[in-house]
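Engineer: Below is the structure I would like to discuss, written out as structure tokens.
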Amino acid sequence: PFLQAVLDDPQFQAGDLSTSFIDERPELVRANISKDRGTKVLNWLADITVNQPNGAGAAAIDPATKLPTIDLEAEAPAGSRQRLLELGPVGFARALREQTPLAVTDTTFRDAHQSLLATRVRTKDLVEVMPYVARMTPGLLSVEAWGGATYDVALRFLGEDPWQRLAAMREALPNVAIQMLLRGRNTVGYTPYPTEVTEAFVREAAATGIDVFRIFDALNDVDQMRPAIDAVLQTGSTVAEVGLCYSGDLLDPAEDLYTLDYYLRLAEQVVDAGAHIIAIKDMAGLLRAGAAEKLVATLRDRFDLPVHLHTHDTAGGQLATLLAASRAGVDAVDVASAPMAGTTSQPPFSALVAALAHTERDTGLSLQAVSDLEPYWEAVRRVYAPFESGLSGPTGRVYHHEIPGGQLSNLRQQAIALGLGDRFELIEDWYAEANRILGRPTKVTPSSKVVGDLALQMAAAGADPADFEANPEKYDIPDSVIGFMAGELGDLPGGWPEPFRSKVLAGRTVKIGTTAITDDQRAKLDGSTDERRLTLNQLLFPQPTQQFLQVREQFGDLSVLSTPDYLYGLKPGVEHVIEIERGVSLFVSLEAIGEPDEKGMRSVMATLNGQMRPVTIRDRA
Ligand code: 3PY
Ligand code: ZN
């Protein structure tokens with residue numbers, strides 16, 4: 001039809017082929033692009049339908065069907081974002097410190113799905129609910145919605161550009177501050193990058209939509225965080241919230257490393273570095289109620305900055321910790337929508353709001369509104385069921401092994417892959433031993449990965465931890481452990497474990513430090529928006545970026561698909577409607593799937609906008 005329309009055109013017939021010919025006929029190009037995009041999307045759907053990599057998804061429904069009924073024409077009320085624009089980061093932090101209601105951050109958009117669903121929630125499901133959040137819970141301090149593992153997973157597994165996600169979220173949520181998790185010099189990766197990469201990353205994130213940067217270093221080394229803190233301060237308009245990673249139990253008289261004094265000394269450095277907000281980052285959920293009360297009260301007594309508490313509910317007791325912290329004056333806490341809360345995720349949002357309602361620290365958020373958003377998140381949780389990786393209930397074993405929430409679910413999957421899935425308690429014990437052997441580091445990405453690598457290595461080798469510690473030269477040692485002992489991630493809070501470290505490093509030359517960026521990359525970081533973002537993707541995740549580009553090339557922009565369609569493909573007897581751009585929809589129906597031929601190829605008979613479009617797909621089963 002495209003070619004025919006061109007051939008039939010009088011101007012074409014008159015031989016006028018000036019470049020304006022196409023410019024003046026956008027509908028021709030649009031029709032052609034739509035057709036091309038339709039074919040690409042159909043290829044994806046046909047492949048998923050034949051191969052079912054995520055199962056059949058019989059119980060999956062589109063979360064969009066569970067969105068509450070509200071008036072989206074009504075303008076979203078001014079919220080924390082307008083407050084930040086008006087007061088600037090210093091004034092914003094001061095106002096937070098001065099307010100009486102407990103401020104709340106909703107982590108459902110980042111940490112909750114990172115900790116429960118292997119970070120798989122797609123941009124569509126995050127963005128679709130944001131206009132509702134903007135109008136139903138406009139009193140939030142922030143939503144944590146970007147950074148951590150989401151960047152890597154978007155490129156590697158979802159065929160999505162993390163920058164497009166951030167830009168779309170910003171547009172959908174104009175009134176609440178968007179917060180990200182930034183791993184210091186590791187930005188959103190697993191190893192340190194040159195300072196100019198950190199700077200370019202922070203600049204781009206701030207320009208695209210981040211208001212609050214929660215910055216941490218896996219070993220609580222403030223020098224490692226300084227480039228990121230400085231870069232945030234330089235934006236002049238965004239908030240530097242700096243984390244103290246929490247380990248151990250500060251009320252335990254036997255604790256000789258992670259004591260109250262340790263956190264106060266650390267907080268002093270954080271304040272001196274220019275932080276606007278102090279975060280307590282309890283990534284494993286080890287901060288008990290009594291310890292929280294003590295830590296929060298002392299931090300607020302010694303420093304003028306507001307304190308923001310983040311925890312994971314792995315053991316099940318963390319609502320008590322939030323309430324104890326609230327009584328001690330904590331300024332803000334993190335929670336997640338109830339269906340996406342609990343165990344390795346954050347404590348539930350509605351339970352916190354209910355607990356504080358009609359008290360001095362009433363959050364001011366509507367319990368009704370928070371609860372009305374829960375069916376949506378329940379449907380999200382259900383549609384991503386194949387990525388459920390976590391615990392079926394709380395566990396007190398976390399106080400012993402100290403595995404962070406995000407890692408616990410991951411490690412269970414790795415244990416299953418090693419054939420140790422039904423003996424996970426052994427992996428937990430090995431993890432605790434690996435932690436001790438490595439000198440009790442704070443464990444959070446990427447130091448937690450080093451401890452996990454060692455635990456899995458000892459498990460796979462059936463090694464006796466005491467023998468491994470005394471004679472590491474007898475064993476294969478993971479590269480990450482060697483790099484860690486060489487100081488790749490910085491210095492350990494409690495000093496190096498000797499003689500283990502010297503034995504590991506004996507006879508090895510370990511290259512640490514970052515790889516400088518090239519002049520070409522530097523020029524591109526100063527280039528157009530697209531160039532800057534692509535260059536950052538390539539610098540941070542070269543191979544996943546390649547994967548992303550290939551998926552885009554082959555299947556187009558898959559973010560237009562609903563998650564049931566994206567994960568489970570076409571269902572017989574159902575007309576799938578796909579809006580590939582505003583006002584342009586594709587109608588796809590599955591008619592039949594042929595038997596595999598001798599090469600394992602199957603014919604998928606589908607209609608696209610009423611026309612039969614057979615697609616040939618390799619059956620990988
Ligand atoms: C991350 O670094 O992704 C984390 O969630 C650490 O807690
Ligand atoms: Zn967390």
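Engineer: Calculate, in nm to one decimal, what K571 and E553 gain on full extension: separation in residues at 0.36 nm each, minus their alpha carbon distance. Please list the in-between numbers first.
Structural biologist: On the way: separation 18, 0.36 × 18 = 6.48 nm, distance 2.53 nm.
Full extension from K571 to E553 adds 4.0 nm.
Engineer: How large is the accessible surface per residue of the chain, computed with a 1.4 Å probe and reported in Å² as a whole number? Write down the numbers at each step before the final one.
Structural biologist: Details: 25020 Å² over 621 residues.
Each residue of the chain exposes 40 Å² on average to a 1.4 Å probe.
Engineer: Could you please state how large a percent of the accessible area of the range 177-319 is carbon and sulfur, counting protein chains only and using a 1.4 Å probe?
Structural biologist: Working: 1750 of 4090 Å².
Taking all protein chains in place, the range 177-319 shows 43 percent carbon and sulfur surface.
Engineer: Please report the carbon-and-sulfur percent of the accessible area for the range 331-488; probe 1.4 Å, protein heavy atoms only, DNA, RNA and ligands left out.
Structural biologist: Result for the range 331-488: 49 percent of the exposed heavy-atom area is carbon or sulfur.
Engineer: Quick query: amide H of A606 versus all other amide H atoms, modeled in the peptide plane; which residues come in under 5 Å with a sequence gap of 5 or more or a different chain?
Structural biologist: E591, R613, V615
Engineer: While we're on this one: I'd like the Karplus ³J(HN,Hα) series for the range 237-254: coefficients 6.51, -1.76, 1.60, θ = phi - 60°, whole numbers in Hz, and an x wherever there's a Gly or Pro.
Structural biologist: 10, 10, 9, 9, 9, 10, x, 9, 6, 9, 9, x, 8, 6, 8, 6, x, 7
Engineer: How big is the Rg/Rh ratio for the range 72-205, C-alpha atoms only, Rh by Kirkwood, two decimals?
Structural biologist: Details: Rg = 15.4 Å, Rh = 15.8 Å.
Over the Cα atoms of the range 72-205, Rg/Rh equals 0.98.
Engineer: For the range 473-569, which chymotrypsin sites (Phe, Trp or Tyr not before Pro) pass both filters: DSSP loop (anything but H, G, I, E, B) and at most 15 other C-beta atoms within 10 Å?
Structural biologist: Numbers: sites: Y475, F484, F500, F548, F555, Y566, Y568; in loops: Y475.
Filter output for the range 473-569: Y475.
Engineer: Output the antiparallel fraction of DSSP beta bridges having both residues in the chain, as a percent to the nearest 5.
Structural biologist: Details: 19 of 52 bridges.
Of all bridge pairs located within the chain, approximately 35 percent are antiparallel.
Engineer: What ranking, highest mean first, results for peptides 410-422, 242-254 when packing means the other Cβ atoms within 10 Å averaged over each residue?
Structural biologist: Working: 410-422: 15.7, 242-254: 20.1.
Output ranking for 410-422, 242-254: 242-254, 410-422.
Engineer: Might you work out the accessible area of S559 for me, using a 1.4 Å probe with all protein chains in place, and round it to the nearest 10 Å²?
Structural biologist: 40 Å²
Engineer: What order do you get for 143-152, 170-179 when each peptide is scored by the mean count of other beta carbon atoms within 10 Å, highest first?
Structural biologist: Numbers: 143-152: 25.4, 170-179: 21.4.
Ranked from most to least packed, the peptides come out as 143-152, 170-179.
Engineer: Based on the mean of other Cβ atoms within 10 Å per residue, sort peptides 490-496, 307-313 so the most packed one is first.
Structural biologist: Packing order, densest peptide first, comes out as 307-313, 490-496.
Engineer: So if each residue of separation counts as 0.36 nm, and I subtract the Cα-Cα distance between T359 and A461, what length gain in nm does that give?
Structural biologist: Values: separation 102, 0.36 × 102 = 36.72 nm, distance 5.51 nm.
Between T359 and A461, full extension yields an extra 31.2 nm.
Engineer: Classify the range 306-406: rounded, prolate or oblate, from the alpha-carbon gyration tensor (a ≥ b ≥ c, eigenvalue square roots; a/c under 1.5 rounded; otherwise prolate if a/b is larger than b/c)?
Structural biologist: On the way: a/c = 2.48, a/b = 1.18, b/c = 2.10.
Cα axes put the range 306-406 in the oblate bin.
The values are calculated or read from the model by the stated rules, or taken from the named source; none is laboratory data. Everything numeric in this text was worked out from a predicted model, so none of it was measured. Note that we place each Cβ from the backbone using ideal geometry, even for glycine, and neighbour counts take in every protein chain shown. Calculation scope for accessible area: heavy atoms of the full protein, side chains included, ligands and nucleic acids excluded. Shrake-Rupley method; radii C 1.70, N 1.55, O 1.52, S 1.80 Å.
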